[in-house]
Amino acid sequence: MNLTELNRIATAMVAPGKGILAADESSGTIKKRFDAIGVESTETNRRDYREMLFRSKEAMSQYISGVILYDETIWQDAKDGTPLIRLIEETGAIPGIKVDEGTQALPMCPGELVTVGLDKLAERLQKYYERGARFAKWRAVIDIGSAIPSMTAISVNAHALARYAALCQAAQIVPIVEPEVLMDGDHDIDQCYEVTQRVLNTTFQELRVQRVALEGMVLKPNMAISGKKCAKQASVEEVAEKTVRLLKACVPAAVPGIAFLSGGQSDEEATAHLNAMHKLGPLPWSLTFSYGRALQAAPQKAWSGKAENVAAGQRAFSHRARMNGLASKGEWQSSLEQKAA
Ligand code: 13P
C-alpha cells in the first residue's frame, strides 16, 4: 500500500470548491428515478443519461472532484464508443465505483439490514483498479425506529465497512466509508445525533482494529437532521451547528475529508446546510458534498429522456454543482438560486 498516493487521491476528492457526484444508483434505484420522469430504464437510456452528466463540461471540470459509478456504467461506452470512464477522466474528475452489493435482512434483528459484498471483493477491486477506478464506496444503512437500531446492527455494519476499507487500501483504492443513518422516520434531530454518534464511534473503532489508515479514506455520513416525518423540523442553523459538533466529537483530524450524502433533503436544503457549516469557523477536515438525489433531481427532470433536452439537463446539473461547490466554501447565498430560476 502506498499511503502517500491514497492520501493524495483522498485530498483531491474533497478539494475546496468541489465535491463528489454520486451516480452509482443500482438498477433498482435508477428505475425508480426514471419512473418518476416517465423514462423506461433500458441500458441505452441509462447510458444516455449518464453520458449527458459526464459531458457537462462546466460542472465536471469546475465543481466535481470525482464520480461514483455503478458496475454497469464503469464498463459502458458512450454513444461514440468512448468508454464513459474516459469521459470522466478527460474532465479531470476521478472515477470511483460502488462495490457493495446492497443489503440483506439481518438475522435475529427484525427490521434491520446488513450490507453484503465482501466475498471476492479483493478480486473485484483489482479489476476496477485496472479499469481506472481510484476510489470506492460501501454504504451501510441504519434505521431509527422503535427499539432500533440495535447494537448488533451497528456493530456488524461497522465491521463490514472496516473489512471493505482495509481491502480497498490494500488494492490502492481510497475507500469512501458510508454509514448512513436514515432520515425517513419521525425521530427528532437529537435522536439522529445520538444514533449517529454511536454509529460513527463504532465505525472508527472498527477501522482502527482493522488497521485502516485514516489518512487514506473519506467519510460519507448523514447530517444531524430531523426525521422527515418529525413534526418539529430543525432550522438550517441548528442542523449545521449540531452536525459540526457531532463530527468534531467523532471524526479524527487525520481523516482528510468528509463528504455528505443528501439522504432525501431537498436540493436547496442540502446546499444551505453545507454552506451554513462553513460559517462556523475553521474545521479539522475538508467538508463537502457527495450527493446523489440533490445533484440529479433537477437534471433528471429537465432531461426527461429526450435528446433535445440534453443541453437543458446539463444546465440544470451545472447549476446544482456550482451551488454546492460554492457551499463547500461557505460562499453560497439563496439569492443565487433565484437568479438562475
Ligand atoms: P443521496 O445523496 O441521494 O442520499 O445519495 C448519495 C449516496 O451515494 C447514497 O449512497
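The values are calculated or read from the model by the stated rules, or taken from the named source; none is laboratory data. Quantities reported herein were computed from a predicted structural model and do not represent experimental measurements. No Cβ is skipped: glycine too gets one built from the backbone with ideal geometry, and neighbour counts run over all protein chains shown.
Return the only residue of ALA294, ALA249, ALA270, ALA302 being part of a helix (DSSP H, G or I), within 24 Å of ALA234 (Cβ to Cβ) and more than 16 Å from the ligand (Cβ to nearest atom). Write out each step before concluding.
Numbers: ALA294 fails: more than 16 Å from the ligand (Cβ to nearest atom); ALA270 fails: more than 16 Å from the ligand (Cβ to nearest atom); ALA302 fails: within 24 Å of ALA234 (Cβ to Cβ).
Of the residues listed, the single one that is part of a helix (DSSP H, G or I), within 24 Å of ALA234 (Cβ to Cβ) and more than 16 Å from the ligand (Cβ to nearest atom) is ALA249.
Close contacts from the stretch 244-257, counting a first residue that is surrounded by 19 or more Cβ atoms within 10 Å (Cβ to Cβ) and a second that is modelled with pLDDT under 95, with Cβ to Cβ under 7 Å and a gap of 6+ residues or different chains, come to none at all.
Being more than 23 Å from GLY257 (Cβ to Cβ), within 14 Å of the ligand (Cβ to nearest atom) and among the aliphatic types (A, V, I, L, M) is the requirement here; does ILE37 meet it?
Values: more than 23 Å from GLY257 (Cβ to Cβ): yes; within 14 Å of the ligand (Cβ to nearest atom): no; among the aliphatic types (A, V, I, L, M): yes.
Considered against the rule, which asks whether it is more than 23 Å from GLY257 (Cβ to Cβ), within 14 Å of the ligand (Cβ to nearest atom) and among the aliphatic types (A, V, I, L, M), ILE37 comes out as no.
For the stretch 29-66, a tally of residues being of a type in the set (A, V, I, L, M) and assigned to a strand (DSSP E or B) returns 1. Here is the figure for the stretch 1-26: residues that are assigned to a helix (DSSP H, G or I) and more than 15 Å from the ligand (Cβ to nearest atom) total 10.
THR243 satisfies every condition listed in (1) in a helix (DSSP H, G or I); (2) more than 16 Å from the ligand (Cβ to nearest atom) except (2). Filter the stretch 273-291 for residues that are within 16 Å of the ligand (Cβ to nearest atom) and outside any helix (DSSP H, G or I); which is farthest from ILE20 (Cα to Cα)? Ranking the qualifying residues of the stretch 273-291, first place goes to LEU287. Just give me the residues in the stretch 67-78 being assigned to a loop (DSSP other than H, G, I, E, B) and of a type in the set (Ser, Thr, Tyr), in sequence order. Of everything in the stretch 67-78, just one residue is assigned to a loop (DSSP other than H, G, I, E, B) and of a type in the set (Ser, Thr, Tyr), namely TYR70.
Pairs meeting the criteria (first residue in the stretch 79-102 and assigned to a loop (DSSP other than H, G, I, E, B), second residue more than 16 Å from the ligand (Cβ to nearest atom) and of a type in the set (Asp, Glu), beta carbons under 8 Å, at least 6 apart or on different chains) are LYS79/ASP48; LYS79/GLU51.
Candidates in the stretch 10-41 are the residues that are of a type outside the set (Gly, Ala, Ser) and under 24 Å from MET277 (Cα atoms); of these, the one that is surrounded by the fewest Cβ atoms within 10 Å (Cβ to Cβ) is PRO16.
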